[in-house]
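Worksheet for the structure shown next.
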Amino acid sequence: MIDIIGLISSAHNNQREKIALGVEYSSMFGPTYEKSNVTTVNFNKVIKYLSENLLVHFKQEEILIDLIEENVDTTAEEQRVMSKILRKHKELRIGFKKLNEVISRDDLDYEMIREFSEKSRRLLNDLFQHAREEDETFYPFVREKLTTENLLLLEARIKK
Ligand SMILES: [Fe+2]
Ligand SMILES: [Fe+2]
């Protein structure tokens with residue numbers, strides 16, 4: 001049997017790596033913004049990678065949360081943790097969507113660049129905190145509470 005929980009949560013390692021790169025690039029934007037500039041290209045690649053990664057990862061976590069809600073007895077605190085995750089996913093999805101829209105524009109001026117690099121750093125930091133919080137408050141009880149039967153069901157739903 002594969003370690004399906006490990007598989008889902010291991011996406012955080014990739015995310016952390018890309019977040020660090022994204023933060024570094026975003027601090028390198030100067031007063032002139034050129035789409036062909038190496039920093040811009042690298043930054044855009046990181047954001048694109050993360051956006052695609054999150055689409056899949058959040059979906060998997062939401063399948064997991066649905067399954068827990070249907071099959072596992074949870075405490076009020078555990079329910080609070082899961083509601084917070086769902087809220088945060090929504091917020092982060094919107095954040096990345098907006099950032100992608102800004103990135104694809106051609107008419108950014110200095111003020112917009114400053115705002116956009118600051119906002120992107122905040123967004124990346126938010127994602128970093130989110131993954132850390134899940135590692136600390138969500139995955140420990142998931143690992144403890146899910147039965148083999150739950151895990152097999154999860155595997156089947158994720159593969160679909
Ligand atoms: Fe998440
Ligand atoms: Fe996660």
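Computed from the coordinates by the stated procedures, all read-outs in this text should not be read as laboratory data. All of these numbers come straight from a predicted model, not from anything done at the bench. Cβ sites come from the backbone with ideal geometry, for glycine too, and all protein chains shown count toward neighbours.
Structural descriptor for region 4-159: relative contact order 40 percent, calculated from alpha carbon pairs under 8 angstrom and at least 6 residues apart.
Rounded to the nearest 20 debye, the dipole size of region 56-124 about its Cα centre is 240 debye, using +1 on the Cβ of Lys and Arg and -1 on the Cβ of Asp and Glu. Here the 3J(HN,Hα) profile of region 100-107, calculated from phi with Karplus coefficients 6.51, -1.76 and 1.60 at θ = phi - 60°, is 4, 5, 5, 4, 7, 7, 10, 10 Hz, Gly and Pro shown as x. With θ taken as phi - 60° and the Karplus curve 6.51 cos²θ - 1.76 cosθ + 1.60 applied, the whole-hertz 3J(HN,Hα) list for region 82-95 is 5, 5, 5, 4, 4, 4, 5, 4, 4, 4, 5, 4, 5, x Hz, x standing for glycine and proline. Working note: Karplus 6.51/-1.76/1.60 with θ = phi - 60° gives region 64-73 the couplings 4, 5, 4, 5, 5, 4, 7, 10, 10, 6 Hz, where Gly and Pro are set to x. When the pairs K35/K84; K84/K119; K48/K145; K119/K160; K119/K145; K45/K145 are compared against a 31 Å limit on Cα-Cα distance, K35/K84; K48/K145; K119/K160; K119/K145; K45/K145 fall above it. Putting +1 on Lys and Arg Cβ atoms and -1 on Asp and Glu Cβ atoms, find which of T40, I85, L64 reaches farthest to the positive end of the dipole of region 35-92. Among T40, I85, L64, the one farthest towards the positive end of the dipole of region 35-92 is T40.
Dividing the helix sum by the residues of the chain, where each DSSP H run of 4 or more adds -39500 (n - 2.57), gives a mean residue ellipticity at 222 nm of -27000 deg cm²/dmol. From the largest down, region 4-159 spans 56, 28, 21 angstrom on the principal axes of its Cα atoms.
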